[in-house]
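Each remark here refers to the structure printed beneath this line.
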Amino acid sequence: ANFVATFNEDVKKGTGNLLVKKVADDSTVGSLDVTSAMVSIANNVVTINPPVDMPSETELYIEVPATAFLDLYDNAFAGFTGKTTWNFTTADITPPTVNITSTSANYTNTPFTVTFTFSEDVKNFDLGDLTLVNATAGVFNKVNNSTYTALITPTTENTVSVSILADKVQDDSNSNNGNIASNVFSITYDVTKPTLAITTNTTNPTNVTSFVATFTFSEDMDDFDTSYFTVSNGTASNFVSISDAVYTAVITPAADGNLTINVAEDETEDHAGNGNTAASYTTLVDTVKPTVAITSSVSNPTNAPFTATITFSEDVLNFEMADITLANATASNFTATS
């Protein structure tokens with residue numbers, strides 16, 4: 001805004017600098033040469049247009065040197081110094097800023113509360129001033145004239161954002177300064193339980209002394225280690241986090257028999273707090289060689305072809321006639337009876 005001084009007669013410019021100072025500490029906030037184009041005179045009215053904005057909401061005063069203005073007969077205006085002659089308080093010209101925050105960060109699986117913190121008191125702020133993406137707002141609460149909260153309810157699984165555009169809210173002053181646009185608060189809404197697949201680098205059944213189990217989740221998890229799963233008839237070691245969704249461990253069987261790796265439901269959580277689905281893996285550990293007995297009902301000695309029965313101590317794979325070693329004989333009519 002301009003400063004205007006009205007004299008009791010027509011005046012013209014002299015020399016010197018007009019000073020604008022703070023009442024609080026007498027520091028100079030502006031100095032303007034009276035001969036500058038920023039100072040104009042129309043008869044007895046002097047208008048001063050400061051080249052820079054004065055500080056907002058600040059008590060100021062102006063000092064005019066005795067040489068600054070002359071009447072048309074070159075009589076100098078006496079000028080004045082000090083805080084009492086020409087003083088005033090500048091208007092509020094600072095727009096309020098606003099920051100949107102929440103105790104929920106990055107991920108959520110529930111509605112959440114956001115807090116709107118303005119840099120100064122504002123008026124007429126309500127839910128209609130919000131810009132929402134993939135969400136609705138409710139439960140609006142005024143904590144004080146500069147702090148407000150609202151409950152944000154996500155619509156579908158995806159990114160949710162909350163913001164306030166510029167000039168949606170005015171500060172609580174006669175200037176009615178509109179707000180500066182807020183930050184955009186974003187969060188991912190996720191209500192789906194992460195699934196888990198347990199795989200290994202061995203077969204079922206297996207006879208290895210150890211094998212690697214891989215735990216693959218459908219999404220990134222907050223945490224996962226050996227404390228989140230059990231191994232029956234075995235132990236786990238050399239646990240490695242490949243990523244936030246993939247982990248490995250070396251499994252060492254304790255004895256022959258079924259070995260089971262089990263992850264119970266809700267043992268761990270994804271970043272939104274959703275517990276995992278249950279998963280398990282079972283393999284038969286068998287490290288004992290099968291024995292074999294060959295018998296026949298034929299008498300010894302014999303004078304005719306005879307049937308031999310070959311009995312293994314457990315089920316076997318790929319046994320065929322070619323595996324039989326014969327001396328002074330041939331074999332035929334090979335049959336698997338079990």
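Computed from the coordinates I sent, volume of the Cα convex hull per residue in Å³ equals one of (1) 141; (2) 191; (3) 251. Tell me the label.
Correct label, based on the coordinates given: (3).
Can you spot the lysines whose alpha carbon is less than 17 Å from LYS142's alpha carbon? Ignore those fewer than 8 places along the same chain.
The qualifying lysines are LYS123, LYS168.
Less than 12 Å Cβ to Cβ from SER182, Lys/Arg counted +1 and Asp/Glu -1: what total charge do the surrounding residues give? Show your work: numbers first, answer last.
Numbers: positive: LYS168; negative: ASP129, ASP167.
So the surrounding residues net to -1.
Find out how many positive minus negative residues lie around ASP71, taking Lys and Arg as positive, Asp and Glu as negative, among other residues whose Cβ is under 10 Å from that of ASP71.
Summing Lys/Arg as +1 and Asp/Glu as -1 gives -2.
Using a simple spin-label model with points 7 Å from Cα along the Cα→Cβ vector, what separation in nm is obtained for VAL143 and SER232?
Spacing of the two 7 Å Cα→Cβ label points: 5.2 nm.
Gap in Å between the Cα centre of the stretch 229-269 and the Cα centre of the stretch 131-147?
46 Å
Name the residue from ASN183, PRO95, THR195 whose Cα lies farthest towards the positive end of the charge dipole of the chain, charges +1 on Cβ of Lys and Arg and -1 on Cβ of Asp and Glu.
Of the candidates, THR195 comes out farthest on the positive side.
By a straight-distance test (C-alpha under 30 Å), which lysines pair with LYS12 as possible cross-link partners, with residues fewer than eight away in the same chain excluded?
The reachable lysines, counting only those whose Cα sits under 30 Å from LYS12, are LYS21, LYS22, LYS83.
With Cβ to Cβ distances under 13 Å as the rule, what net charge do the other residues near TYR61 carry (K, R +1; D, E -1)? Provide the component values of the computation, followed by the final result.
Details: positive: LYS21, LYS22, LYS83; negative: ASP25, ASP26, GLU59, GLU63.
Here the charged neighbours net out to -1.
No lab work stands behind these numbers, since they all come straight from the coordinates. Nothing here was measured: the structure is a model prediction, and the numbers come from that model. Please note: Cβ atoms are built from the backbone with ideal geometry, for glycine as well, and neighbour counts cover all protein chains shown.
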